[in-house]
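A short worksheet on the structure shown next.
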Amino acid sequence: MPLPVKTDDKQAMTHHARWTSYWQAAPLAAVLLLFFVLPLLVTFIVSFWSYTGYSIEPGLIFDNYRDAFDRCIVALPDLCTTFRTYLSTLRFCLIVWLLTLVIGFTIAYYLTFEIRTMTVRLVLALVCTIPFWTSNVIRMISWVPLLGRNGLVNQLLVGAGIMDQPLDWLLYSNFSVLLAFVHLNTVFMIVPIANSMSRIDKALIEAARDAGATGWQILLYIIVPLSKTGIAIGSIFVITVVMGDFITIGIMGGQQIASAGKVIQTQIGALQFPIAAANAVVLLVVVLMIIATLIRFVDIRKEL
Amino acid sequence: MSEGRSRSFYVLSFLFGLYVLFLYGPTVTIVALSFQGPEGGMTFPMNGMSLHWFRNLGAGIGVPYVVDALLNSLKLGALVTVLTVVISLMAGLAFRRSFRGQSMLLYTAIASLILPSIIVSLGIALEFQIIDQNVKAVGDAYEVDAIQNSYQTAMGLMSSGLGAHLTWTLPFGVLIMFAIFNRFNSAYEEAARDLGASSWQTFAYVLVPIIAPSLLGVALFGFTLSWDEIARSSQAVGADNTLPLNLQGLTTTVTTPVIYALGTVTTGISFAVIIVTVSIVLLVQRRRSRHGSDAGKGLA
């Protein structure tokens, strides 16, 4: 591991210091350049290429984009496959965003304002974040014995006489996809919102209470506005994760539900790389537009 | 706690309890089901108690290549952890001074964190496919035997796979380093320098010991994020599978509790890593509050 230059000479140090930051930042910059920036550029370029069964060929064609939006304009007002897929993905985004926001905000509020000792708060916060460090695939599979046709929930419903026969829509359905999304991603809301809330001066709340504000007024006019940055950061996380998802939708949807990410995965599987690249560029543009809207609410540097 | 609690406290405590049940309930379910007897099925009621499915898992019965995948994930995870700590620490130090391009670097790291993984994964796959096509073209053009006869692909667990994982772990590491250095009191370093320490000594005997617990936190993120990573690996690891990828394939084919046993083992390893790391951090902090800082003793 390369370390700061050894020198006892003050003058030499200032001379070296000018370059220190650059070589210290170099490994990070190199990794991001090689495995993030270049791949994005390559994807953009390849989206104009053509392909044969086993290789991709340089070119400047627009067929891939034409494929992606096959008869999307002429068919209007009927929605083409791409538009329908994006609409369905956006709907998932909206519902998951609302649910994670409400749950995440509530949990963050509880941790910040209702828990009085630092140790308890730390322990409860850990309880909320530990699952984030375990496998998402396992956490999805974990729903199978609960939600399956012969699963625990159906056993209980039928056993208690609430249902005559087991429900089919509990697993491998829109419902199970939503459930898994909320299960896996609420933590992305809790952490940034709790972070924003922890900076709220408790004296403000006391002052409001002394001035006669009700609990709801305090929540609505003090806590929500001052948690805005955390809410925005959490929203960016949740929305981008759901927008690009293909794993959760695949596993929890029984590989039957389409999403913007899943379309790309399928095309890669069929070795149609340039078409997949064109769809990736489209997805990237959509996600960037969403982020651009949300980022107005945050100064990320202030949050660290 | 002499002061009485408001009603909202009890309501919210109840909701929090429900959330924790929602969070852990399913995992507890599959852990329980993985200890079933040989006749056990995919759901309740439990059918006997045994280690049958763990033995099957170890022998690879019904779950081909799972041991290979587990070893692959451990190897990759270890390397990702070390690189994440080293590279994030260096970047964290760099960001303490201002340098040209630092905003761009930070925003690139954040972009790498939030842009959809399928795009990053596809991009890396395409990049390596182009590398492969070019290497083969060169091999054919100059009739290089080594390339023509044995070159398959540059893609692999430790090349494209490693890169894909780092694009996911490094942003977390860098953001944590930012938080660490924003709270770091540089008076300690000044004191060391005033006492004649070289910058290497200041770094090794003052700075690193002070931030060591946080570095462990970075390591925890590095390992667990890599250990569970699937979306970015999906198109970018080449022929060898990681454990999550293997597991994802198994979800559609395996219909016995052996997959729950695999889930129990994977989650167990995650938990072991988390508990060990968190305990060390807490232990170090407790020792510090008892003895004051141990900075300068060269122990972490």
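The values are calculated or read from the model by the stated rules, or taken from the named source; none is laboratory data. This structure is a prediction, so every number in the text was calculated from the model and none was measured. With ideal geometry, Cβ positions are generated from the backbone for all residues, glycine too; neighbour counts draw on all protein chains shown.
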Q. So which of A:I222, A:I218 is modelled with pLDDT of 90 or more, more than 30 Å from A:L284 (Cβ to Cβ) and within 28 Å of the chain's Cα centre (by Cα)?
A. A:I222
Q: Inspect the stretch B:154-165 for any residue being within 11 Å of chain A (Cβ to nearest Cβ), surrounded by fewer than 17 Cβ atoms within 10 Å (Cβ to Cβ) and either out of contact with any Leu (no Cβ under 9 Å at 6 or more places or on another chain) or free of Cβ contacts under 8 Å to residues at least 60 places away in the same chain (or both) and give the result as yes or no.
A: no
Q. Listed residues B:T167, B:T202, B:T153; which is at negative phi, under 18 Å from the mean Cα position of the chain (by Cα) and not charged (D, E, K, R)?
A. B:T167
(Q) Can you list the helices (runs of 4 or more DSSP H) lying wholly within the stretch A:172-231 that have 2 or more residues being farther than 28 Å from A:F92 by Cβ and free of Cβ contacts under 8 Å to residues at least 24 places away in the same chain? (A) A:202-210, A:215-218
(Q) For the stretch A:118-148, give me the residue count where each residue is over 20 Å from B:L247 (Cα atoms) and either within 9 Å of chain B (Cβ to nearest Cβ) or touching a strand residue (DSSP E or B) at 6+ places or on another chain (Cβ under 8 Å) (or both). (A) 5
Q | A:S173 being away from chain B (no Cβ under 13 Å), closer than 29 Å to A:A276 by Cβ and either within 19 Å of the chain's Cα centre (by Cα) or not basic (K, R) (or both) | A | yes
Q: Taking only the stretch B:253-263 into account, find how many residues are surrounded by fewer than 21 Cβ atoms within 10 Å (Cβ to Cβ) and either facing chain A (nearest Cβ under 7 Å) or in a loop (DSSP other than H, G, I, E, B) (or both).
A: 3
Q: Consider only pairs whose beta carbons are under 6 Å apart and that are at least six residues apart or on different chains; among these, list those whose first residue lies in the stretch B:108-133 and is facing chain A (nearest Cβ under 7 Å) and closer than 18 Å to B:G161 by Cβ and whose second residue is assigned to a loop (DSSP other than H, G, I, E, B) and of a type in the set (S, T, Y).
A: none
**Q.** Among (1) buried (at least 20 other Cβ atoms within 10 Å of the Cβ); (2) more than 13 Å from every other protein chain (Cβ to nearest Cβ); (3) more than 30 Å from A:G269 (Cα to Cα); (4) not β-branched (V, I, T), the one test that B:G92 misses
**A.** (2)
Q | Among (1) modelled with pLDDT of 90 or more; (2) in a helix (DSSP H, G or I); (3) under 16 Å from the mean Cα position of the chain (by Cα) - the single one B:T266 does not satisfy | A | (1)
Q. Could we say that B:V284 is away from chain A (no Cβ under 11 Å), over 24 Å from B:M155 (Cβ atoms) and without any contact (Cβ under 8 Å) to a residue 40 or more places away in the chain here?
A. no
Q.
Please verify whether A:G244 is within 11 Å of chain B (Cβ to nearest Cβ) and either of a type in the set (G, A, S) or without any contact (Cβ under 8 Å) to a residue 60 or more places away in the chain (or both), treating the condition exactly as stated.
A. yes
Q.
Given the condition over 26 Å from A:V238 (Cα atoms) and at pLDDT below 95, answer yes or no: does some residue in the stretch B:169-177 qualify?
A. no
Q) In the list B:V66, B:V31, which residue meets the criterion of being in contact with a Gly (Cβ under 9 Å, 6 or more places away or on another chain), surrounded by 15 or more Cβ atoms within 10 Å (Cβ to Cβ), among the hydrophobic types (A, V, I, L, M, F, W, C) and farther than 30 Å from B:L166 by Cα? A) B:V31
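Matching residues to (1) closer than 30 Å to B:G263 by Cβ; (2) without any contact (Cβ under 8 Å) to a residue 60 or more places away in the chain:
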site	(1), (2)
A:S50	no, no
A:V96	yes, no
A:L111	yes, no
A:L124	yes, yes
A:S135	yes, yes
Q | Qualifying position, being more than 26 Å from B:L157 (Cβ to Cβ) and touching a residue at least 40 places away in the same chain (Cβ under 8 Å), among B:I210, B:I176 | A | B:I210
(Q) Given the criteria among the aliphatic types (A, V, I, L, M) and at pLDDT below 90, does A:L126 qualify? (A) yes
